[in-house]
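Structure first, commentary second.
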């Protein structure tokens, strides 16, 4: 995993990502309204703490041709590469740069998790192609144990043809396809459509000056976009919005940042550079953007998120589908098999770091009584979804590895999620008594989080509500993994001050975090699903679940990825594996969720059956409880921001904007 960014300046952008209204945008001075490259690098360093590099590609037009020629400003070479040692040095360098120069800057900040050795980014091959990649390859390309995903992907992309037809809107057949002797015509969209797993990337295809960028079909990795504007004509992409900007002195930075960035839509985008002088600008280059269609039928199916059997009204059809048949796999069996495959993919080939002991710069946070290696942790409420993930992780990890269960509470031992987490721990220990389970109790209060508020707002940006901030804060605290180990002798009552020092302080060293995102959207876990079913029946329920899945990239996943990656951790979402989503879509809706049954039974019906199959009867009957409510951060926030929970409900606190934030039309 890593943080990535792109800075494209000196180009007039047209197409679906161009300036509003298609009006020319010209850079008049070197002082942009938006963040500097130094600001962006500062934000990326937390995501990729191992190493950060910048690759700069300076461009100049050749007047006698529509082709491009790449030259360097100082060094007599095409590319200028620099390892970022100091953000202050970057600020000085940017002030020296010619403000009207045309250049593309690629930034890669590395958190190395797969492969035998770290591979720094940006990655450049002998042909001049450049790749920055934030993701994991769980299928579509063969990654051998010990191999690095980014190197494998770079090799595959280098074999793709780069004809102009791939970046144009015409339907002209590609000339390369008639000359291909391998029987497989490879294009960038075809390679990216074959990938399985989360990803966001930028790829410069040097031969024909094509810039490719995008996110996976579900949007499991963050990539933010700044469209060119009159005040800042650059095209910017970044994994995260910077917390501050050296160019915003005296301005309302909070309002600015939320208006400046947007989530890049999932899919494959391209930008074709042409050497010409757009009317009304002094730029030497024009860039035409377009979005490409997925070239894999499965991904098109996931985009539509439609199912064949959504209404059991046709009793004959319903009975045929649900009648037990000897030797036939049940729906719960199929889903459990897909989840096991998903977990295996997400827990294999994790590179073991040189130092595995927990480190802290300020406190002695130790491993406790053992030093069991713990590569993976679970964001753990003790609820249905996290209990399933913990049980599946236990099946996949080596027996001598530890498992950290990270639980956040803003009400110490009396928060609902803390109570269910302790009960869940007991059930997991009965299920797998030889495993070293550690329940990490992360206690917090809003006052102690005030100093982090500005930083957390930059992480959730462009999301901008109190609910987003509450969820993001809870996820950030869980990902930090800093708290106390649960003592099985503790009673369910608030910790007394005199007992504080007797608790074992602990910081989780796991760099991979398993998160239950996607379970509620796909399996009818939200209260609004029951409301829609009551008002409109099965069709309304299916439509609401489709909406949830089609907007999960914008409402949830980008925000969640940014908040957890900020601590140098990688979030992985087993319920959002392509095979799992496909399996759930292929089954009749009433076998996934049956809201004719009561709460704790019919909601997420199939996952409750999965939990029973895994030997988790206690978790199988638990009701849905969102992290902001189970951890009690929402209640504490409501009391502070609105005076009471009742006042917050009257003010629709869930969608209320943060103070000083203006929602764009």
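In this structure, residue 453 does not qualify as outside the structural domain of residue 42 (by TED's automatic domain parsing), assigned to a helix (DSSP H, G or I) and farther than 29 Å from residue 43 by Cβ.
Could you run through segment 295-313 and say how many residues are farther than 13 Å from residue 585 by Cα and in a loop (DSSP other than H, G, I, E, B)? The total comes to 5. Of the residues making up segment 626-660, those that are surrounded by fewer than 14 Cβ atoms within 10 Å (Cβ to Cβ), in a helix (DSSP H, G or I) and either touching a strand residue (DSSP E or B) at 6+ places or on another chain (Cβ under 8 Å) or touching a residue at least 60 places away in the same chain (Cβ under 8 Å) (or both) are 640, 655. All told, residue 479 meets the bar of being at pLDDT 95 or above, crowded, with 18+ Cβ neighbours inside 10 Å, in the same structural domain as residue 560 (by TED's automatic domain parsing) and in a helix (DSSP H, G or I). Return yes when residue 520 is in contact with a strand residue (DSSP E or B) (Cβ under 7 Å, 6 or more places away or on another chain), surrounded by 16 or more Cβ atoms within 10 Å (Cβ to Cβ), at pLDDT 95 or above and under 20 Å from residue 630 (Cα atoms) and no when it is not. Here the answer is no, as residue 520 does not meet what is asked. If you go through segment 258-291 and keep only what is at positive phi and at pLDDT below 85, you end up with just 280.
Going by what's in this entry, would residue 150 be described as within 23 Å of residue 271 (Cβ to Cβ), modelled with pLDDT of 65 or more, outside the structural domain of residue 572 (by TED's automatic domain parsing) and assigned to a loop (DSSP other than H, G, I, E, B)? Criteria not met by residue 150.
Which ones in segment 394-406 are in contact (Cβ under 8 Å) with a residue 40 or more places away in the chain and out of contact with any strand residue (DSSP E or B) (no Cβ under 6 Å at 6 or more places or on another chain)? Hits for segment 394-406 are 394, 395, 396, 397. Screening 541, 557, 567 for residues that are surrounded by 17 or more Cβ atoms within 10 Å (Cβ to Cβ) and closer than 21 Å to residue 466 by Cβ leaves exactly one candidate, 557. Go through segment 590-622 residue by residue and tally those that are assigned to a loop (DSSP other than H, G, I, E, B) and over 11 Å from residue 387 (Cα atoms). The number of residues fulfilling the criteria is 12.
Residues of segment 501-551 that are in a loop (DSSP other than H, G, I, E, B) and at negative phi: 503, 504, 508, 509, 510, 511, 515, 516, 517, 525, 526, 551.
Residues checked against (1) assigned to a strand (DSSP E or B); (2) surrounded by fewer than 22 Cβ atoms within 10 Å (Cβ to Cβ); (3) within 27 Å of the chain's Cα centre (by Cα); (4) in the same structural domain as residue 649 (by TED's automatic domain parsing):
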{"site": "377", "(1), (2), (3), (4)": "yes, no, yes, yes"}
{"site": "413", "(1), (2), (3), (4)": "no, yes, no, yes"}
{"site": "427", "(1), (2), (3), (4)": "no, yes, no, yes"}
{"site": "467", "(1), (2), (3), (4)": "no, yes, yes, yes"}
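When 623, 598 are screened for being surrounded by fewer than 19 Cβ atoms within 10 Å (Cβ to Cβ), out of contact with any strand residue (DSSP E or B) (no Cβ under 9 Å at 6 or more places or on another chain) and under 28 Å from residue 480 (Cα atoms), only 623 passes. Being at pLDDT below 65, surrounded by fewer than 18 Cβ atoms within 10 Å (Cβ to Cβ) and assigned to a loop (DSSP other than H, G, I, E, B) is not true of residue 317. From the list 507, 511, 496, 562, the lone residue that is in the same structural domain as residue 441 (by TED's automatic domain parsing), modelled with pLDDT under 95 and either within 15 Å of the chain's Cα centre (by Cα) or surrounded by 16 or more Cβ atoms within 10 Å (Cβ to Cβ) (or both) is 511.
The values are calculated or read from the model by the stated rules, or taken from the named source; none is laboratory data. Everything numeric here is computed off the predicted structure, so don't read it as measured data. In this analysis, Cβ positions are derived from the backbone assuming ideal geometry, glycine residues included, and neighbour counts consider all displayed protein chains.
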